[in-house]
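**Student:** One structure follows; several queries about it will come next.
Throughout, read-outs are computed from the coordinates displayed, never taken from laboratory work. Worth saying up front: this structure is predicted, and the values here are computed from it rather than measured. Every residue, glycine as well, gets a Cβ built from its backbone with ideal geometry; the counts of neighbours run over all protein chains shown.
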């Protein structure tokens, strides 16, 4: 199908994009890589009268270390994230997950900000952002604000961004010494979206788990933390028995979905297996 007619605006700055959003209100949509929005336009599930292109805003691109964090511009592509030597040194779970997104065409066009703002419940990066404790920076008419990943993913295709805000940066706090992570997913064979995905980041000191952040994607209406698994890990030595026990709790308290791809019971079993793999790699055992 062809999309409905729309007016195209190429924003030259974040301020211009915010101004255009304020002018056109709910008749406007932002577009960068387009891999989330264009399919909705073609199916006419979305019919905005105005498209605001933010891909060419220089300030939204790049990866750099600043003020105790690695800062990723929201229009940075998945390929750039997956190829970043800086991220491989500081947060290797992030390029690992980015390299698993879709296919080369998707990774070369799709952007980290677009993926996070779209808040797809089967996307890879939301769970990873929860696991690394990321913060999202948004700019709107009232200025800039920072949203923690724990508060950013609200519901199915719903983030904490206001309609008149532009996601500008993703900030990844530098982890303490002894931190490692891993991402494991069971992908849909065609789309490569996660039918089940588990992101785990552990900090070890003296052979014990001092901090654990574990998150899931693909199993519910949004990406979310696995609090029970985190509690099982902290203060324990990450041997096989401890990791088995923690992985068994990966879906505790979560309302797992059943759809055409699998039942809630199937997702639980796959989540346990993938959690065990992710935890083992993060713990280095």
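**Student:** Considering only DSSP beta bridges with both partners in the stretch 8-98, what is the antiparallel share in %, to the nearest 5?
**Tutor:** Just about 35 percent of them are antiparallel.
**Student:** How high is the relative contact order of the chain? Use alpha-carbon pairs under 8 Å, at least six apart in sequence, and give a whole percent. Walk me through the intermediate numbers first.
**Tutor:** Details: 659 pairs, mean separation 43.8, N = 285.
Once normalised by length, the contact order is 15 percent.
**Student:** Can you give the Rg to Rh ratio for the stretch 53-118, taking only C-alpha atoms and Rh from Kirkwood?
**Tutor:** Using Cα coordinates only, the ratio equals 0.95.
**Student:** Just from its helices, what would the mean residue ellipticity at 222 nm be for the chain, if runs of 4 or more DSSP H residues each count -39500 (n - 2.57) and the sum is divided by every residue, rounded to the nearest 500 deg cm²/dmol?
**Tutor:** -9000 deg cm²/dmol
**Student:** Let me ask something else. With a bin width of 5 angstrom, please list the P(r) values of the stretch 221-285 as percents of all Cα-Cα pairs, from the 0 bin to the one holding the largest distance.
**Tutor:** All Cα pairs considered, the percentages come to 3, 18, 28, 24, 14, 8, 4, 1.
**Student:** Using only the alpha-carbon atoms, how far is helix 14-24 inclined from the longest principal axis of the chain? Give it as 0 to 90 degrees, nearest 10.
**Tutor:** Approximately 70 degrees, to the nearest ten.
**Student:** Further question on the same structure: Only residues of the stretch 2-16 count here: report those whose backbone N is under 19 Å from the spot 7 Å along Cα→Cβ of residue 44, or say none.
**Tutor:** 2-7, by backbone N distance to the label point.
**Student:** If you line up the long axis of helix 264-283 against the longest principal axis of the chain, both from Cα atoms, how many degrees apart are they, to the nearest 10?
**Tutor:** The angle comes out at about 70 degrees.
**Student:** Ok, one more. Shape call for the stretch 7-53 from the C-alpha gyration tensor, a ≥ b ≥ c root eigenvalues: rounded (a/c under 1.5), prolate (a/b greater than b/c) or oblate?
**Tutor:** In terms of gyration-tensor shape, oblate.
**Student:** Provide the packing ranking of 104-113, 12-21, 171-180, i.e. peptides ordered by the mean count of other C-beta atoms within 10 Å per residue, highest first. Mind showing how you got there, number by number?
**Tutor:** Details: 104-113: 19.6, 12-21: 17.9, 171-180: 15.6.
The densest-packed peptide leads the list: 104-113, 12-21, 171-180.
**Student:** Let me ask something else about it. What's the extension gain from residue 22 to residue 263 if we count 0.36 nm per residue and subtract their Cα-Cα distance?
**Tutor:** Roughly 82.5 nm would be gained on extension.
**Student:** Here's a follow-up. With label points built 7 Å along Cα→Cβ from the Cα atoms of residue 158 and residue 227, find their separation and express it in nm.
**Tutor:** The two pseudo-label positions are separated by 1.9 nm.
**Student:** To continue, here is another question. Once fully extended, how much extra length lies between residue 190 and residue 83, figured as 0.36 nm per residue of separation less the alpha-carbon to alpha-carbon distance?
**Tutor:** Fully extending the segment from residue 190 to residue 83 adds 36.2 nm.
**Student:** Continuing with the same structure: Assuming 0.36 nm per residue, please report the length gained on full extension of the stretch residue 144 to residue 237 beyond their Cα-Cα distance.
**Tutor:** Length gained, residue 144 through residue 237: 29.3 nm.
**Student:** OK, next. Across 5 Å bins from 0, what is the distribution of all Cα-Cα pair distances for the stretch 131-250, in whole percents?
**Tutor:** Bin by bin from 0 Å, the calculated values are 2, 10, 17, 19, 18, 15, 10, 6, 2, 1, 0.
**Student:** Based only on other Cβ atoms within 10 Å, what is the fewest-to-most ordering of 42, 236, 29, 185?
**Tutor:** If I rank by nearby Cβ atoms, fewest first, I get 42, 236, 29, 185.
**Student:** Given the Cα atoms of the stretch 59-173, and with Rh set as the inverse mean 1/r over their pairs in the Kirkwood sense, what is Rg to Rh to two decimals? Each step should come with its number before you reach the end.
**Tutor:** On the way: Rg = 12.9 Å, Rh = 13.9 Å.
In the stretch 59-173, Rg relative to Rh is 0.93.
**Student:** Based on a Kirkwood Rh over C-alpha pairs, give the Stokes-Einstein translational diffusion coefficient of the stretch 1-118 at 20 °C and viscosity 1.002 mPa s in µm²/s.
**Tutor:** On the way: Rh = 15.2 Å.
The Stokes-Einstein estimate is 141 µm²/s.
**Student:** Kirkwood hydrodynamic radius of the chain from all distinct Cα pairs, in Å?
**Tutor:** Numbers: mean 1/r = 0.0520 Å⁻¹.
This gives a value of 19.2 Å.
**Student:** Now for a different question. Which three extents, in angstrom, do the Cα atoms of the stretch 179-283 have along their principal axes, listed largest first?
**Tutor:** Taking the Cα atoms of the stretch 179-283, the three principal extents are 45, 25, 21 Å.
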